[in-house]
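The values are calculated or read from the model by the stated rules, or taken from the named source; none is laboratory data. Note that the structure is a prediction, hence the values are computed from the model and not measured. Please note: Cβ atoms are built from the backbone with ideal geometry, for glycine as well, and neighbour counts cover all protein chains shown.
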Amino acid sequence: MSKNNSVYESIVAGLNEAIEDAKSDKPILKRTTVTIEPVKVYDANDVKKIRKETGLSQKLFAGYMGVSDKTVEAWEAGTNHPSGAASRILRMMEMDKELVFKFPFVKNATTK
């Protein structure tokens, strides 16, 4: 039996199983409910606190977050607020204080 036949048969078997489940009065297949935590809203003090806990300057923090220095300045001044992916990264930093060391996008240069 070729690999393509095997894949085809696996797909057909899965579809038949799904059809049986849909027709059944009682679910046959396991169902999982997934919920996504809403994106947290951060104010100026939150951002500054998280940044200071990382030990990074505004410039290095901006580099780590993938935003401009001015963006971090605006967040910390309360002019703008992080959103979307930036808020998710901040939440991860808040939950794991070692995140910047586990995922070191900012390299520590050693001087001699």
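Based on this model, can you work out whether Ser68 counts as at pLDDT below 90 and out of contact with any Ser or Thr (no Cβ under 9 Å at 6 or more places or on another chain)? Criteria not met by Ser68. Here's a check for you: in segment 19-42, which residue that is of a type in the set (A, V, I, L, M, F, W, C) and in a helix (DSSP H, G or I) is farthest from Glu94 (Cα to Cα)? Only one residue tops the list, namely Ile19.
Residues in segment 29-75 that are of a type in the set (A, V, I, L, M) and closer than 30 Å to Ile19 by Cβ: Leu29, Val34, Ile36.
Conditions tested, residue by residue: (1) more than 26 Å from Pro104 (Cα to Cα); (2) out of contact with any Asp or Glu (no Cβ under 7 Å at 6 or more places or on another chain).
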residue: Ser10; (1), (2): yes, yes
residue: Leu15; (1), (2): yes, yes
residue: Ala18; (1), (2): yes, yes
residue: Ile28; (1), (2): yes, no
residue: Arg31; (1), (2): yes, yes
residue: Asn45; (1), (2): no, yes
residue: Phe61; (1), (2): no, yes
residue: Thr71; (1), (2): no, yes
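Is it the case that Glu73 is at pLDDT 90 or above and not aliphatic (A, V, I, L, M)? Here the answer is yes, as Glu73 does meet what is asked. If you go through segment 48-86 and keep only what is under 15 Å from Leu99 (Cα atoms), hydrophobic (A, V, I, L, M, F, W, C) and not in a helix (DSSP H, G or I), you end up with just Leu56.
Taken over segment 68-103, the residue count meeting the criterion of being more than 13 Å from Thr54 (Cα to Cα), buried (at least 17 other Cβ atoms within 10 Å of the Cβ) and of a type in the set (A, V, I, L, M) is 3.
Being surrounded by fewer than 10 Cβ atoms within 10 Å (Cβ to Cβ), in a helix (DSSP H, G or I) and not small (Gly, Ala, Ser) holds for only one residue in Asn45, Asn16, Asn5, and it is Asn5.
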